[in-house]
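Since the structure comes first, as structure tokens, the remarks are kept for the end.
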Amino acid sequence: METTLLLEKKSVENLLPQKFPFVMVDRMISYSETSLVSGFEIQNDNIFLKDTSFLEAGLIEHMAQSVALHTSYQFFLKNEIAPTGYIGSIKDIEIKKLPQINDTIQSTVSILQEFAGITLVNIVTFLNNEEIANGQMKTVLAK
């Protein structure tokens, strides 16, 4: 697993369109033009908790926000404002295990294709180096 922290919570929150209590990414661990590793520590006030488990919807939202962070950071590096992005499709999501309160998850986003504001990505989410979720998403930037 990556350990270098590129951006902490406050900087990540400034790049994402989501605001508390809907932010599901609190760090960017690594970035390249074709990939990103994000992280998120699940707190006891999270809106996607049931008892002590972080729900499937929270995992999927974390994955989607990880993609949004990659896009927003690309625009930030060019000193441009990122347009709003939308999930165009979610494909083959597999959730193997639900994390718990105080767990920190990491997601690796790999860009498979990018053309005309449409991006196809593969996302794998880990908890303590164990893969707990994976899938593909297609995102679309507003024009």
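Residue-wise test of (1) of a type outside the set (A, V, I, L, M); (2) touching a strand residue (DSSP E or B) at 6+ places or on another chain (Cβ under 6 Å).
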position	(1), (2)
26	yes, yes
37	no, yes
42	no, yes
50	yes, no
67	no, yes
91	yes, yes
115	yes, no
118	no, yes
141	no, yes
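From the set of residues in the range 33-54 that are among the hydroxyl-bearing types (Ser, Thr, Tyr) and open to solvent by 40 Å² or more (accessible area, probe 1.4 Å), which is nearest to the chain's Cα centre (by Cα)? Give the derivation first.
Residues of the range 33-54 that are among the hydroxyl-bearing types (Ser, Thr, Tyr), as a first pass: 34-35, 38, 52-53.
In the following step, the residues that additionally are open to solvent by 40 Å² or more (accessible area, probe 1.4 Å) were identified as 34, 52.
Values: 34: 14, 52: 21 Å.
The qualifying residue nearest to the chain's Cα centre (by Cα) is 34.
Only one of the numbered conditions (1) assigned to a loop (DSSP other than H, G, I, E, B); (2) closer than 21 Å to residue 13 by Cβ is violated by residue 98, and that is (2).
In this structure, does residue 59 turn out to be touching a residue at least 60 places away in the same chain (Cβ under 8 Å), aliphatic (A, V, I, L, M), open to solvent by less than 50 Å² (accessible area, probe 1.4 Å) and touching a Ser or Thr at 6+ places or on another chain (Cβ under 7 Å)? Outline the logic, then answer.
Working: touching a residue at least 60 places away in the same chain (Cβ under 8 Å): yes; aliphatic (A, V, I, L, M): yes; open to solvent by less than 50 Å² (accessible area, probe 1.4 Å): yes; touching a Ser or Thr at 6+ places or on another chain (Cβ under 7 Å): yes.
Yes: the conditions hold for residue 59.
When restricted to residues that are open to solvent by 80 Å² or more (accessible area, probe 1.4 Å), hydrophobic (A, V, I, L, M, F, W, C) and touching a residue at least 24 places away in the same chain (Cβ under 8 Å), the range 96-132 contains 1.
The values are calculated or read from the model by the stated rules, or taken from the named source; none is laboratory data. These figures come from a predicted structure and were not determined experimentally. Positions of Cβ are generated from backbone atoms using ideal geometry, with glycine treated the same way; all protein chains shown enter the neighbour counts. Heavy atoms of the whole protein, side chains included, go into the accessibility calculation; ligands, DNA and RNA do not. Shrake-Rupley method; radii C 1.70, N 1.55, O 1.52, S 1.80 Å.
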